[in-house]
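Accompanying notes for the structure given below.
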Amino acid sequence: MYKTNIVRMYKYSTLRPRAEAGPWGVKGMSNFDWDRLSKGNVSRRGMLKGAAAIGGAVMLGGLALPRMARAEPTRGGTLTMGLGGANTTDTLDPALAWDDFMMALSYGGLRNNLVELDADGNAVGELAESWESSTDAKTWIFRLRKGVEFHNGKSLDVNDVVASINHHRGEKTTSLAKSIFSQIADVKIEDAGSVRIELAAGNADLAILLSDYHVGIMPANADGSVNWQSGMGTGGYKLENFEPGVRATATRFANYWKQGRAHADAVELIAINDVTARQSALVTGQINVMNRVDLKTIALLQRAGKVRVDEVQGYCHATMPMLVDVKPYDDKNVRMALKYAIDREQWVATLLQGHGVVGNDHPIPANQRYFNSELPQRAYDPDKAKHYLKQAGLDNLSVELSASDAAFATAVDAAVVFKESAAAAGIDINVKREPSDGYWSNVWAKKPFCTCYWTGRPTPDAIFSLIYAKGASFGDTRWDNERFNGLLVEARAELDETKRKDMYGEMQTILSDDGGTIVPMFMNYVNGLGEAVQTPERQSADLPLDGMKAIERWWVTA
């Protein structure tokens with residue numbers, strides 16, 4: 001989550017508090033072209049993403065500026081990151097990663113997954129050299145890469161993979177990815193180098209789901225559990241020191257299997273939850289990477305010299321969930337009135353300073369392949385809002401909106417802007433400023449109407465299952481739509497991409513019109529980098545900090 005030391009699961013469904021065989025059909029890539037990705041070569045699909053890839057330009061406050069030529073990756077130096085999104089309750093268990101600090105450390109540095117995503121969002125083999133699924137997408141076999149070592153010299157084997165996946169399954173698991181992996185019926189050893197995963201129902205996206213930042217592979221214990229306590233993994237960096245909510249240090253793993261990655265000799269992550277303190281540390285050279293730049297001060301940051309702004313149009317979005325089993329939000333007409341009473345364009349212009357785009361009350365961004373481009377964009381319309389109030393039998397409406405900048409930067413200001421625009425529709429919004437401390441455990445998903453944010457997921461199924469499906473682990477509206485839930489299960493097993501896109505398109509429409517969540521805007525990922533830090537030409541957009549792989553993919557020049 002943003003700001004302060006409150007952590008949220010990277011709702012990065014991102015985020016959330018813990019309150020806390022036949023014939024084989026779908027095949028995975030057998031090898032990853034590391035050199036291609038590091039040089040930023042763009043596939044045809046990537047080119048078609050248009051605005052998402054921003055066509056070789058960096059977006060700065062709505063202006064497209066030419067990118068600086070990227071140097072070739074070099075080995076050496078220390079990557080020092082000052083990060084918001086840390087807490088003294090942080091743990092080395094990847095299943096409980098909530099926010100930027102632990103995701104960057106565990107997912108980006110200490111561990112590998114079976115699968116990772118390239119810059120286009122395609123699933124490519126990481127610890128899995130290849131994979132295949134049955135034609136109904138219910139049975140999957142993943143073949144492991146050979147010659148991979150854990151940081152203690154132990155060779156990766158199938159027991160480690162089985163134990164790591166089971167870590168997120170079962171009634172006793174505390175994993176934040178539990179609802180996603182509940183669809184796994186069984187995972188077992190196929191042979192000495194392969195693992196078989198059986199699903200309760202087909203899911204063509206299983207390989208992508210296994211790229212989730214919670215699912216890093218850890219060494220198995222003799223009893224079938226995993227050793228997460230040591231922070232040990234097969235990743236590019238070996239943990240040296242970890243102080244929850246304070247800092248972490250790691251050094252490059254000499255026997256790292258992945259060529260062309262993990263460039264720095266050492267990495268240091270410093271918890272700096274205050275944005276002003278982070279920017280000061282960057283300008284004075286105490287750190288060379290910061291996340292979550294204060295958008296209002298970008299010009300000042302750039303004028304400071306020896307600093308550049310790195311911006312990616314990603315999946316992160318602000319939300320305002322309503323508990324649909326609490327009056328007046330149990331009335332769809334009231335929800336629609338509120339959705340028409342918000343001036344989205346104003347939010348993007350004033351709150352984001354143009355560093356984002358308007359949302360349409362569902363979580364699928366325009367740069368994702370299943371985005372429903374035919375769904376009309378909802379615009380600010382006080383008259384329509386009044387119409388829906390009348391449909392609900394109301395002449396006016398008074399509601400309370402709980403807000404905190406723990407939800408997202410400027411969330412309190414956003415609530416005030418909403419109050420002003422809603423007044424024209426006869427809606428009185430009482431903005432209640434909530435303390436940041438304890439916001440995710442005491443307010444979110446408990447107060448009937450509040451501010452929130454999610455970073456998104458690489459597939460509609462992942463974010464729909466996590467937040468919007470009936471009984472979702474992080475459902476924050478208690479919404480239950482029979483048609484939506486049915487389509488969710490049906491789309492998982494549909495291998496025809498055209499049909500699947502139509503299903504996800506209909507689900508976006510259902511959410512936009514009936515759901516209990518207002519999604520007013522998508523927010524760009526904006527980082528500050530010292531002049532010595534270099535990044536690949538193209539970065540992953542699903543999560544901040546280059547898909548949370550900055551530790552492995554970025555480098556420091558002399």
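Note on the chain: dipole from Cβ charges, positive end direction compared against T249, S164, F464; the farthest Cα belongs to T249.
Based on the alpha-carbon gyration tensor of segment 338-432 and its eigenvalue square roots a ≥ b ≥ c, which shape applies: rounded if a/c is under 1.5, prolate if not and a/b is larger than b/c, or oblate?
Oblate shape, in that a/c is at least 1.5 and b/c is the bigger or equal ratio.
Note on E531 and D413: their simple-model spin labels are 3.0 nm apart, each label 7 Å out from Cα toward Cβ. Net charge dipole, segment 184-318: roughly 720 debye, given to the nearest 20, about the Cα centre with Cβ charges of +1 for Lys and Arg and -1 for Asp and Glu.
Multiplying the residue separation of A558 and S155 by 0.36 nm and subtracting their alpha-carbon distance yields 141.6 nm. With the simple model of a label 7 Å out from the Cα in the direction of the Cβ, Q229 to A201 spans 4.0 nm. Here the extension length gained between K470 and R483 equals 3.6 nm, from 0.36 nm per residue of separation less the Cα-Cα distance. Highest mean first, the peptides 177-185, 237-245 sorted by other C-beta atoms within 10 Å per residue fall in the order 177-185, 237-245.
Below 8 Å, C-alpha to C-alpha, sequence gap of six or more: please give me the relative contact order for segment 281-427 in percent.
Rounded, it is 24 percent for segment 281-427.
How charged is the neighbourhood of E400? Take every other residue with its Cβ under 14 Å from the Cβ of E400, and add Lys/Arg as +1 and Asp/Glu as -1.
Once all neighbours under 14 Å are counted, the net charge is +4.
Computed over the alpha carbons of segment 317-523, Rg followed by Dmax gives 16.2, 48 Å.
Once a ≥ b ≥ c are taken as the square roots of the eigenvalues of the Cα gyration tensor of segment 143-289, is the result rounded (a/c under 1.5), prolate (a/b larger than b/c) or oblate (a/b not larger than b/c)? Verdict is prolate for segment 143-289. The ellipsoid that matches the Cα gyration tensor of segment 409-539 has semi-axes, each √(5λ) in whole angstrom, of 29, 25, 15, with the longest given first.
Work out how much length T350 to T174 would gain on full extension: take 0.36 nm times their residue separation and subtract the Cα-Cα distance, in nm to one decimal.
Gain on stretching T350 to T174: 59.4 nm.
Here the simple spin-label model places points 7 Å from the Cα toward Cβ, and for E497 and N221 these points are separated by 4.4 nm. Treating the chain as a set of equal point scatterers at the Cα positions, no solvent, please give the Debye-formula log₁₀ I(q)/I(0) at q = 0.06, 0.08, 0.09 Å⁻¹. Ignoring solvent entirely, the Cα scatterers give -0.27, -0.49, -0.63.
Karplus-based coupling profile of segment 259-276, in residue order and whole Hz: 6, x, 9, 6, 7, 6, 6, 8, 10, 10, 10, 10, 6, 9, 7, 8, 5, 5, with θ = phi - 60° in 6.51 cos²θ - 1.76 cosθ + 1.60 and x standing for Gly or Pro.
May I ask you to order 289-297, 336-344 by the average number of other C-beta atoms within 10 Å around their residues, highest value first?
Packing proxy ranking, top to bottom: 336-344, 289-297.
Charge dipole (Cα centre; +1 on Lys/Arg Cβ, -1 on Asp/Glu Cβ; no other charges) of the chain amounts to roughly 720 debye.
Values in this text are rule-based calculations from the coordinates and carry no lab data. All values derive from a computational prediction rather than experimental measurement. Quick reminder, even Gly has a Cβ in these numbers, built from the backbone with ideal geometry, and neighbours come from all protein chains shown.
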